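For reference, the structure is listed below as structure tokens.
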Amino acid sequence: MKIGFIGLGQMGSGMAANLLKAGHEVTVYNRTPEKAQPLIAQGAMIANDIANACQGDVVYTMLANDEAVNAVVHGDNGILARLAKGATHISGSTISVELSARLTDAHASAGQNFISAPVFGRPAAAASAQLFIVAAGASDAVEKAMPLFDAIGQKTFVISQTQSAANLLKLSGNFLIAAVIESLGEAMALVGKGGIDIHQYLDIITSSLFTAPVYKTYGGLIADRKFEPAGFAAPLGQKDIRLTLAAAENLSVPMPLASLLRDRFITLAAQQGGERLDWAAIGGLAAKDAGL
């Protein structure tokens with residue numbers, strides 16, 4: 001399949017590389033062209049603008065936020081203007097429910113397909129094609145896109161023909177991860193101040209009550225205070241909680257824990273260097289509050 005791939009951050013680079021490995025023809029675009037060099041060495045072609053990345057069957061975007069997605073979609077050389085009728089825009093980004101709905105309508109008006117397909121997994125999972133994809137869109141478009149999802153992930157969940165449903169699910173998942181991080185940080189601060197070795201504590205907890213990878217991954221980062229380099233930067237986590245709360249308000253769903261998490265991210269951002277840390281760093285706040 002002929003694919004344009006826009007957004008070569010830690011996640012996008014791994015995803016584009018796996019599409020190449022699966023034999024797809026991939027043209028990449030990034031605001032900082034030097035990030036494309038490793039992919040060019042693997043056989044990718046480089047686009048000098050967004051329009052040149054929109055010449056194939058699919059354009060795949062993996063970008064940081066609503067603003068970045070809007071910037072590549074709109075304008076005379078944007079995806080809406082340059083993608084052929086019948087071609088497909090797949091958004092792997094964690095964006096707002098509202099933007100997903102607007103993109104759905106805009107692409108339909110342009111005669112294009114839109115699939116929302118956010119992913120669960122950190123950069124290592126993107127590099128090793130072990131992502132979990134949550135896809136929503138028209139059935140025929142999603143079916144045609146399945147070889148792409150198979151190339152980048154270990155499992156794809158097709159949940160709806162309403163694209164924004166995938167974004168709501170993704171935001172709810174990131175809310176749960178942030179809640180795990182905060183609760184782990186508080187529990188580890190408690191036992192740590194009580195004299196228990198937190199690494200031993202983590203081993204016990206993740207070998208008995210909470211064996212899910214999310215507890216082991218983030219518990220390890222908190223125990224080791226390994227928050228740099230960021231696999232998922234704290235400002236992105238703060239953005240996701242903000243979007244979760246916006247969706248909750250629109251649906252009249254109280255989420256008091258999400259409000260607490262928002263404040264924890266604000267606390268982290270207010271500290272010197274906080275914005276360059278992994279979002280797991282909110283799990284280190286409890287130890288600091290406890291004087292550890």
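Let me confirm something: among 248, 178, 223, which residue is on the phi < 0 side of the Ramachandran plot, touching a His at 6+ places or on another chain (Cβ under 7 Å) and surrounded by 14 or more Cβ atoms within 10 Å (Cβ to Cβ)?
Values: 248 fails: touching a His at 6+ places or on another chain (Cβ under 7 Å); 178 fails: touching a His at 6+ places or on another chain (Cβ under 7 Å).
The unique qualifying residue is 223.
Can you name the condition, by its number, that residue 172 falls short on among (1) of a type in the set (S, T, N, Q); (2) surrounded by fewer than 19 Cβ atoms within 10 Å (Cβ to Cβ); (3) over 20 Å from the mean Cα position of the chain (by Cα)?
Every condition holds for residue 172 apart from (3).
Could you pull out the residue among 32, 27, 88 that is crowded, with 24+ Cβ neighbours inside 10 Å and in the same structural domain as residue 124 (by TED's automatic domain parsing)?
88
Checking the structure you have, find out if any residue of the stretch 60-72 is farther than 26 Å from residue 136 by Cβ and either in the same structural domain as residue 145 (by TED's automatic domain parsing) or surrounded by 15 or more Cβ atoms within 10 Å (Cβ to Cβ) (or both).
No, because not a single residue in the stretch 60-72 is farther than 26 Å from residue 136 by Cβ and either in the same structural domain as residue 145 (by TED's automatic domain parsing) or surrounded by 15 or more Cβ atoms within 10 Å (Cβ to Cβ) (or both).
Can you tell me how many residues within the stretch 167-195 are out of contact with any helix residue (DSSP H, G or I) (no Cβ under 9 Å at 6 or more places or on another chain) and either farther than 25 Å from residue 236 by Cβ or modelled with pLDDT under 95 (or both)? Step through it out loud before you land on a result.
Taking the stretch 167-195 as the starting set, the residues that turn out to be out of contact with any helix residue (DSSP H, G or I) (no Cβ under 9 Å at 6 or more places or on another chain) are 169, 173, 194-195.
Next, from what is left, pick out any that are either farther than 25 Å from residue 236 by Cβ or modelled with pLDDT under 95 (or both): 194-195.
Looking only at that region, the number is 2.
Quick one: residue 289 ticks every box in (1) surrounded by fewer than 15 Cβ atoms within 10 Å (Cβ to Cβ); (2) in contact (Cβ under 8 Å) with a residue 40 or more places away in the chain; (3) closer than 18 Å to residue 174 by Cβ except a single one, so which number is it?
Result: residue 289 fails condition (3) only.
Has the stretch 158-166 got at least one residue that is touching a strand residue (DSSP E or B) at 6+ places or on another chain (Cβ under 6 Å), at pLDDT 95 or above, under 27 Å from residue 221 (Cα atoms) and in a helix (DSSP H, G or I)?
Checked against the condition, which is being touching a strand residue (DSSP E or B) at 6+ places or on another chain (Cβ under 6 Å), at pLDDT 95 or above, under 27 Å from residue 221 (Cα atoms) and in a helix (DSSP H, G or I), the stretch 158-166 yields no hits at all.
Has the stretch 175-190 got any residue that is among the small types (Gly, Ala, Ser) and within 30 Å of residue 142 (Cα to Cα)?
Applying the first criterion (among the small types (Gly, Ala, Ser)) to the stretch 175-190 yields 178-179, 183, 185, 187, 189.
Restricting the remaining residues to those that are within 30 Å of residue 142 (Cα to Cα) gives 178.
For the stretch 175-190, residues among the small types (Gly, Ala, Ser) and within 30 Å of residue 142 (Cα to Cα): present.
Hey, can you tell me all the residues within the stretch 103-155 that are charged (D, E, K, R), surrounded by fewer than 16 Cβ atoms within 10 Å (Cβ to Cβ) and in a helix (DSSP H, G or I)?
Matches in the stretch 103-155: 105, 140, 143, 150.
The values are calculated or read from the model by the stated rules, or taken from the named source; none is laboratory data. Predicted, not measured: the structure shown is a model, and the values here were computed from it. Using ideal geometry, Cβ is built from the backbone for each residue, glycine included, and neighbour counts are taken over all protein chains shown.
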